[in-house]
Each structure stands twice: as structure tokens, then as C-alpha cells.
1. Inside the range B:145-236, counting only helices (runs of 4 or more DSSP H) that do not spill past its ends, which hold 3 or more residues that are more than 19 Å from B:Val283 (Cα to Cα), within 14 Å of another protein chain (Cβ to nearest Cβ) and open to solvent by less than 20 Å² (accessible area, probe 1.4 Å)?
2. Within the group A:Ala135, A:Ala155, A:Ala146, which residue is of a type in the set (Gly, Ala, Ser) and modelled with pLDDT of 85 or more?
3. For the range B:60-74, give me the residue count where each residue is within 14 Å of B:Leu108 (Cα to Cα) and modelled with pLDDT of 90 or more.
4. Restricting attention to the range A:53-94, which residues are of a type in the set (S, T, N, Q), assigned to a loop (DSSP other than H, G, I, E, B) and in contact with a strand residue (DSSP E or B) (Cβ under 9 Å, 6 or more places away or on another chain)?
5. Identify the single condition in (1) within 21 Å of the chain's Cα centre (by Cα); (2) of a type in the set (A, V, I, L, M); (3) at the interface with chain A (Cβ under 9 Å from one of its Cβ atoms) that B:Ile286 does not satisfy, given that it satisfies every other one.
6. Quickly run through the range A:95-105 and pick out the residues that are modelled with pLDDT under 95 and under 25 Å from A:Gly184 (Cα atoms).
7. How about the range A:237-260: which of its residues are hydroxyl-bearing (Ser, Thr, Tyr) and in a helix (DSSP H, G or I)?
8. Can you name the residue in the range A:237-258 that is more than 9 Å from every other protein chain (Cβ to nearest Cβ) and among the charged types (D, E, K, R) and, of all such residues, is least open to solvent (accessible area, probe 1.4 Å)?
Protein chains: 2
Amino acid sequence: MFVPPLPQAYAVHYISGMASPKDDYLIRPDPLDPRLTERVKGIDQTGASIETAVTVERALTIFLNAQEIVTAMTIGDHPEYLALGYLLNQNMLKPDDVVTDVDYDEELSVVVVRTKRKTNYEKKLKKKVQTSGCAQGTVFGDLMEALENVSLPEAELRTSWLYMLAHKINTTPSLYLEAGAIHGCVLAVKDRPLVYMEDVGRHNAVDKIAGWMFKHQVGAADKIFYTTGRLTSEMVIKTVRMGIPILISRSGFTAWGVELARKANLTLIGRARGKRFVALAGVDRIVFDQDLAYVEDESAKHRRKAAVHDE
Amino acid sequence: MFVPPLPQAYAVHYISGMASPKDDYLIRPDPLDPRLTERVKGIDQTGASIETAVTVERALTIFLNAQEIVTAMTIGDHPEYLALGYLLNQNMLKPDDVVTDVDYDEELSVVVVRTKRKTNYEKKLKKKVQTSGCAQGTVFGDLMEALENVSLPEAELRTSWLYMLAHKINTTPSLYLEAGAIHGCVLAVKDRPLVYMEDVGRHNAVDKIAGWMFKHQVGAADKIFYTTGRLTSEMVIKTVRMGIPILISRSGFTAWGVELARKANLTLIGRARGKRFVALAGVDRIVFDQDLAYVEDESAKHRRKAAVHDE
């Protein structure tokens with residue numbers, strides 16, 4: 001298999017959590033990190049005692065300079081990336097902002113992002129209340145505006161990449177396989193997964209990738225975004241906002257997600273399992289180079305074990 | 001199979017969307033309702049044109065008396081129940097409040113709940129902003145307090161009911177089976193599903209059931225709550241708040257969800273698929289009356305088609 005060389009931006013050695021050079025990933029899940037799961041006792045269907053791993057969720061409070069912005073529930077593995085990505089995706093941090101410091105206090109569960117530019121989002125925080133109370137609603141006002149002005153780059157998605165990516169991601173050890181009840185998002189280039197983030201909230205996994213891209217100034221034009229979650233309007237808006245032209249999911253679509261993807265000319269592929277997928281927007285970027293006779297239908301082995309509803 | 005007689009509270013004829021008497025359900029999904037899905041065109045993995053159904057999501061703005069409370073994204077099938085349940089689960093509507101009117105304006109996508117008691121939640125809306133920005137966070141402050149004072153009733157969950165419920169729910173025609181990308185919640189008594197609600201957001205499906213219970217003054221002590229989604233802290237808190245002693249899911253657990261369920265003595269069962277399940281709290285309510293030799297492992301036929309990550 002041809003493995004593309006590392007683009008300059010990835011050929012860095014200081015990325016925290018960076019995997020070994022032999023490994024395709026720059027960041028991948030660490031299912032053995034004892035802080036991310038808890039062993040709990042219970043019983044099974046026969047009444048027998050069992051012990052099993054469950055995913056943790058922790059409160060993390062994000063400050064931008066002196067202002068408390070939000071308390072997010074997260075597994076807590078990359079608080080700095082989460083804070084940067086959250087603020088970016090809320091349009092409180094601008095792509096050209098100079099971040100002077102990101103301080104994480106594990107004991108207080110607080111992360112503070114400091115910028116050269118003075119910030120005050122009192123009005124914005126107030127506005128959120130008046131229009132919505134759920135994660136999806138809170139971001140819409142601003143993000144919709146962002147969508148209007150965006151023009152996604154030309155790009156190519158070979159179906160051979162898609163199948164290889166899905167195979168690699170599904171066979172990567174993860175918290176999902178260890179404890180379930182978690183979402184995963186992957187930033188990829190061609191058939192190579194670069195950064196695989198998991199979190200209890202799908203929006204957190206996305207935000208952590210956005211934060212990673214911002215911190216390391218990674219370009220979006222040649223990237224592919226893969227998510228285990230549904231292709232909702234929120235997911236589409238965030239992908240477009242990040243400037244990534246291609247979004248792939250194992251899960252299904254919502255009608256508004258499809259409509260927004262078409263408006264933004266985002267390539268939107270869902271229900272990607274085994275041989276099958278459905279593309280409902282931006283289909284011109286797809287190059288059908290894979291001989292389907294060589295792709296297996298999803299085997300029980302590769303099927304996600306907590307195989308149920310998507311988010 | 002023994003079907004328990006209808007308790008008095010259900011023997012009503014005016015419930016909107018009520019199913020036929022032959023049917024076990026009082027309310028079940030209506031996957032053929034043209035307002036709930038949209039047909040969209042796209043291509044499949046071979047490049048061939050296809051048409052498929054996708055779930056809609058609509059903005060619905062909820063008012064309590066003169067005050068705008070929230071804009072929720074919903075499939076829009078039961079706006080009145082959603083509004084009542086949302087306000088109840090946010091502790092803005094009290095269980096003993098007299099609701100004088102629920103007005104739904106389809107054109108404006110607005111639902112107004114009017115109460116005898118005067119309400120003003122300006123402070124509460126303000127407080128939400130300062131502490132959180134995601135759906136989970138917004139409800140915690142108050143709901144945690146509610147958890148402290150609750151005492152769940154004694155109750156019994158026979159494993160034969162659990163398997164029968166799962167079988168019935170998985171074989172009920174639903175938007176999930178039609179279009180995917182949706183959550184389901186079911187209120188049940190013994191082995192009988194009563195109310196099956198679906199929505200793009202899991203919290204909406206729960207809230208619609210809470211609204212239905214409030215409207216029809218249905219008791220919670222003998223009920224079982226089934227969800228397709230994960231057993232997070234939010235899900236546990238809402239179930240406890242509704243007074244339901246048993247919560248079952250096909251999906252997995254989070255550590256905080258387990259901790260809260262133990263604190264509240266909620267019976268918490270997850271990963272319920274085919275023969276298998278895991279109980280991590282309130283296990284004393286479980287009666288193992290089912291001979292497992294007669295339970296099938298989950299067959300491909302019953303496995304949810306968009307079988308992926310849970311929310």
C-alpha cells in the first residue's frame with residue numbers, strides 16, 4: 001500500500017501524544033490510559049458478578065482571558081485542544097488570533113486561553129440564552145453566518161481512500177472498543193488517518209481536532225473528516241467552518257445537514273459501512289477508483305461492538 | 001403471552017396519536033408521516049443515482065407564559081408534549097402546576113405553555129449561561145438538587161419482561177428503521193411498551209415522554225424506561241426526576257451515569273442486546289425469571305440497521 005509522505009506541517013516532533021514514527025497516526029486514542037475509564041462491578045444476564053470498564057466524564061471549565069465561557073463534559077484527555085477548538089468553533093477565537101498562553105489546571109478542572117487581543121463576549125453569552133438551550137442551538141446564529149461566506153476548496157476523494165480509512169479506523173484500538181459510550185472523529189489526508197479523537201460528546205471530539213489544527217497551523221484544504229456520529233446540521237456547519245471539504249460518517253443524515261452541505265458544496269458521505277455508502281452532496285469530488293469486488297462487506301469482527309443507534 | 005390489563009390511567013380514548021385497541025402501544029412512531037422525513041437524491045458506492053429518506057430537524061421555540069425559554073431542534077411530531085416535558089425537566093414547570101393552555105402555532109414554529117401560576121425565569125436563564133453552553137451542562141445545577149431529595153419506589157424488573165420489551169421495540173416500525181439518524185425512548189409497564197417517542201435529540205425524546213406523562217397524569221412507580229442512547233449522567237438524572245425506578249439501554253454507560261444511578265438507587269441496565277445485558281446499579285429489583293436457553297442472540301434481522309456508535 002502506498003503511504004503518502006508526511007506533508008511539511010506534520011513532520012514535527014513536539015506534538016504531545018504523538019505516536020511513534022512507524023505508526024500512521026500522529027494522535028490516536030489511548031484506551032489504556034487509566035484516567036479515561038473506570039472499572040465498575042455489576043452483574044450480567046445470568047446474575048453473575050462481573051467487572052467492566054466504563055468511560056469517565058468530567059467537567060472542564062473553559063475561560064477566555066478573564067471570562068468564564070462554558071463548562072463542558074469531557075473525558076479530559078486533551079483539555080488544551082478542546083478549549084482552543086471550542087472557542088474557535090464558537091467564533092470567539094479568530095483564526096488569526098495570537099494565543100499567548102493556554103493554562104490547564106488539572107486540580108481545578110479549568111483551562112484558560114489567553115490572547116493578545118482583548119476579548120469580551122458578554123453580549124454573545126447573553127444572546128445564546130435568548131435563542132437556545134441545547135448544544136446544537138447555541139452555536140447556530142454565528143455559524144450560519146460563517147457558512148454564507150465560505151468557499152470550500154476543490155479536492156478529491158478516491159473511494160479506495162475511503163475504504164482504507166474506514167478499515168484503519170475501525171481496527172484502531174480505542175476507548176470505544178474498550179468501554180463504549182463514546183464518539184470518535186478522525187482527521188485524515190488521503191487514505192491516512194492523522195488525528196483520532198474520542199469524547200463523550202461528539203462536539204468535543206470535533207473541537208479537539210479543530211484545536212489541534214489551530215495549534216499546529218495545519219491546513220484544511222487537503223483533509224478529510226471522518227465521524228462516527230450523525231451528519232447533522234451542527235456537524236456540517238463545523239466541518240465547513242474548519243474549511244475541510246469532505247465529511248464521511250458511518251451514521252445517517254438529517255435533512256438539514258444535507259441541505260447545508262449542498263449550500264456549502266461540502267462532500268457529504270454517510271452510512272459508510274463495509275462496501276456501502278451514500279453520498280448526498282458535493283458528489284463531484286468523488287473518484288470511483290476502487291474495484292468493489294475487493295472490498296468486504298462489514299464483517300462481525302469489524303462491526304462496532306456497541307453497534308446501536310448513532311447519536 | 002400474558003398482556004396486563006390497561007391501568008385506569010391509560011384507558012382513555014382522547015390521547016392524540018393513540019394506536020388502535022389491538023395494538024400494545026398507546027403512541028408509536030409513524031414512519032410514514034410525510035412531515036418527518038424527506039426524500040433526497042444522491043449516489044451510492046457504485047456511482048449510481050439513488051433516492052433515500054432522511055430525517056427532518058426543525059426549530060421549535062418554547063415559551064412559558066410571556067417568556068421565551070428555548071429554541072429546540074426537533075422532528076416536530078409532538079410539540080405540546082415536548083414543550084411540557086422540557087419545562088418539567090428544567091424544573092420551570094412544577095408537577096403540581098395547573099397548565100391552562102398549550103398553544104402550538106405550526107407556521108411560526110412556536111409553542112406557548114400557559115400556567116395559572118405566574119412565572120419568571122429570567123435569573124434561571126441567566127444562570128445557565130454562566131455555567132455551561134451544552135445541553136448536558138445547562139440542566140445540571142437544578143437537576144442535581146432534585147436528585148438529592150428523591151426516593152425511587154420499590155419495583156420489580158423480570159428479565160422475561162426485559163427480553164420481550166427489547167424484542168417488541170426492535171421490531172416496531174420506526175423512523176429509525178425508515179431513515180436512521182434518530183433516537184428512541186420508550187415508556188413501558190411490565191413487558192408492554194406504552195409510548196415510543198423518537199427525535200433527533202435524545203433529550204427531546206425523553207422530554208416528550210415526560211410531557212405525555214404530565215398531560216395524562218400517568219404514575220411513574222410501576223414504569224420502565226427504555227432508551228436507544230447512552231446511559232449518561234443526563235439520562236440518569238432525567239429518569240430519576242421523572243420518578244421511574246428502572247432504566248434500560250442497548251448502549252453503554254458513562255462512569256458518572258453509573259455513580260448517580262447508585263446514589264439514587266435507580267436500576268441501571270445497559271448493553272442490552274440479544275441475550276446479553278449488564279446491570280451496574282439497583283440490581284436488587286431484577287428478578288431472573290427468564291430461561292436464557294429460549295432467548296436468541298441478536299440476529300442480523302433484529303440488529304438496528306444503522307448499527308454504529310451510540311450517542
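1. Details: elements: B:159-170, B:175-179, B:202-215.
Helices (runs of 4 or more DSSP H) meeting the threshold: B:175-179, B:202-215.
2. On the way: A:Ala135 fails: modelled with pLDDT of 85 or more; A:Ala146 fails: modelled with pLDDT of 85 or more.
After applying the criteria, what remains is A:Ala155.
3. Of the residues in the range B:60-74, 5 are within 14 Å of B:Leu108 (Cα to Cα) and modelled with pLDDT of 90 or more.
4. Pass one, the range A:53-94, residues of a type in the set (S, T, N, Q): A:55, A:61, A:65, A:67, A:71, A:74, A:89-91.
Filter once more, keeping what is assigned to a loop (DSSP other than H, G, I, E, B): A:65, A:90-91.
Scanning the range A:53-94 gives A:Asn65, A:Gln90.
5. Just one mismatch for B:Ile286, condition (1).
6. So the first thing to find is which residues in the range A:95-105 are modelled with pLDDT under 95, and the list is A:95-96.
Result: A:Pro95, single match.
7. Taking the range A:237-260 as the starting set, the residues that turn out to be hydroxyl-bearing (Ser, Thr, Tyr) are A:239, A:249, A:251, A:254.
Within the range A:237-260, just A:Thr239 meets the criteria.
8. First, the residues of the range A:237-258 that are more than 9 Å from every other protein chain (Cβ to nearest Cβ): A:237-248.
With among the charged types (D, E, K, R) added as a condition, the list becomes A:238, A:241.
Details: A:Lys238: 7, A:Arg241: 63 Å².
The selected residue is A:Lys238.
The values are calculated or read from the model by the stated rules, or taken from the named source; none is laboratory data. Note that the coordinates shown come from a computational prediction; the quantities given were computed from them, not determined experimentally. All Cβ positions, even for glycine, are placed from backbone atoms using ideal geometry, and neighbour counts span all protein chains on display. These accessible areas exclude ligands, DNA and RNA; they are computed on the full protein's heavy atoms, side chains included. Shrake-Rupley method; radii C 1.70, N 1.55, O 1.52, S 1.80 Å.
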